[in-house]
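Peer 1: The structure is given below, and queries will be raised subsequently.
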Amino acid sequence: MNPEIIGYLAAILTTAAYVPQMVKVLRHRHTQSISLGMYAILSGGIAAWFVYGLMINSPSIIFANGVTFGMVLIILAMKIRHG
């Protein structure tokens, strides 16, 4: 079995986990219960995983972390904007 298949499965599941939070934040504009520090650190970690994926040429890591980084940045920007 090709390891990238497992990588894509993991990518889809972990990336999809952020969708409900992002949708809720965009709909309600309520971010008080979200930790700014956690999302700031998470953004840095996801960016590092994305770069790592590029360095080892892993499409599943690049895909997962590219999409997740976008969603996490939206949540982080809403947190900064709406407190």
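The values are calculated or read from the model by the stated rules, or taken from the named source; none is laboratory data. Since the structure is predicted, the reported quantities are computational estimates derived from the model, not experimental observations. Positions of Cβ are generated from backbone atoms using ideal geometry, with glycine treated the same way; all protein chains shown enter the neighbour counts. To get the accessible areas, we keep the full protein, side chains included, count just its heavy atoms, and leave off ligands, DNA and RNA. Shrake-Rupley method; radii C 1.70, N 1.55, O 1.52, S 1.80 Å.
Peer 1: Hey, any hits in the range 48-56 for a residue that's closer than 13 Å to Thr15 by Cβ and not small (Gly, Ala, Ser)?
Peer 2: There is at least one residue in the range 48-56 that is closer than 13 Å to Thr15 by Cβ and not small (Gly, Ala, Ser).
Peer 1: Counting only residues that are open to solvent by 20 Å² or more (accessible area, probe 1.4 Å) and touching a residue at least 40 places away in the same chain (Cβ under 8 Å), which one in the range 55-64 is farthest from the chain's Cα centre (by Cα)? Walk me through it before giving the result.
Peer 2: Let us first name the residues in the range 55-64 that are open to solvent by 20 Å² or more (accessible area, probe 1.4 Å), namely 55-57, 59, 61-63.
Filter once more, keeping what is touching a residue at least 40 places away in the same chain (Cβ under 8 Å): 59, 61, 63.
Working: Pro59: 16, Ile61: 12, Phe63: 11 Å.
Result: Pro59.
Peer 1: Among the residues of the range 40-61, count how many are closer than 15 Å to Val72 by Cα and β-branched (Val, Ile, Thr).
Peer 2: First pass over the range 40-61, keeping only residues closer than 15 Å to Val72 by Cα: 40-50.
Then keep just the ones that are β-branched (Val, Ile, Thr); that gives 41, 46.
The number of residues fulfilling the criteria is 2.
Peer 1: Could you say which residue among Tyr8, Tyr52, Tyr18, Tyr39 is in contact with a Leu (Cβ under 6 Å, 6 or more places away or on another chain) and of a type outside the set (S, T, N, Q)? Steps first, answer last, please.
Peer 2: Details: Tyr8 fails: in contact with a Leu (Cβ under 6 Å, 6 or more places away or on another chain); Tyr52 fails: in contact with a Leu (Cβ under 6 Å, 6 or more places away or on another chain); Tyr18 fails: in contact with a Leu (Cβ under 6 Å, 6 or more places away or on another chain).
Of Tyr8, Tyr52, Tyr18, Tyr39, the one residue that is in contact with a Leu (Cβ under 6 Å, 6 or more places away or on another chain) and of a type outside the set (S, T, N, Q) is Tyr39.
Peer 1: Could you give every pair whose Cβ atoms fall below 6 Å, whose first residue belongs to the range 18-39 and is more than 13 Å from Ile74 (Cα to Cα), and whose second residue is open to solvent by 80 Å² or more (accessible area, probe 1.4 Å) and among the hydroxyl-bearing types (Ser, Thr, Tyr), counting only separations of at least 6 or pairs across chains?
Peer 2: none
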